[in-house]
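Note sheet for the following structure.
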Amino acid sequence: METNRDEYLWKKAQNRAAFKIHARTYLLVNAGLWIVYYFMQLQPWGRNMHPWPIWPMLGWGIGLTSHYFSAYGSIDERSLAEREYQKLLEKKR
């Protein structure tokens, strides 16, 4: 049995599902980095260590934020493309 899908909505749903996986991975990996940092702090050589897990969190967080806006952003690409298409048609005349 074949279902008729709106391709635009299907791609948007896939992008949102991918974002959820990305966010879950971000949380798990960064929690792991903070746990490693905590155990390093317990060692005599790591007592004055800079909290280095903040740097991967910030860098990866930029990518995660970008992924969020592409998945859940309020810009409707379909209507934006339609408006641009109409502008091009008017220019052509």
Hits in region 19-47 - residues which are assigned to a loop (DSSP other than H, G, I, E, B) and either among the small types (Gly, Ala, Ser) or in contact with a helix residue (DSSP H, G or I) (Cβ under 9 Å, 6 or more places away or on another chain) (or both): Arg47
Selection count where residues are assigned to a loop (DSSP other than H, G, I, E, B) and either surrounded by 12 or more Cβ atoms within 10 Å (Cβ to Cβ) or more than 12 Å from the chain's Cα centre (by Cα) (or both), scope region 51-77: 6
Near pairs, Cβ below 6 angstrom, 6+ apart or cross-chain, from region 1-21 (on the phi < 0 side of the Ramachandran plot and touching a residue at least 60 places away in the same chain (Cβ under 8 Å)) to any residue that is of a type in the set (D, E, K, R) and not in a loop (DSSP other than H, G, I, E, B): Tyr8/Arg78
Residues (surrounded by 13 or more Cβ atoms within 10 Å (Cβ to Cβ) and over 27 Å from Pro53 (Cβ atoms)) located in region 3-29: Lys12, Ala13, Asn15, Arg16
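Since every read-out is calculated from the coordinates, none of them should be taken as a lab result. The shown structure was predicted, so the numbers you read here are calculated from the model rather than taken from an experiment. Note: ideal-geometry Cβ built from the backbone for every residue, glycine included; neighbour counts use all protein chains shown.
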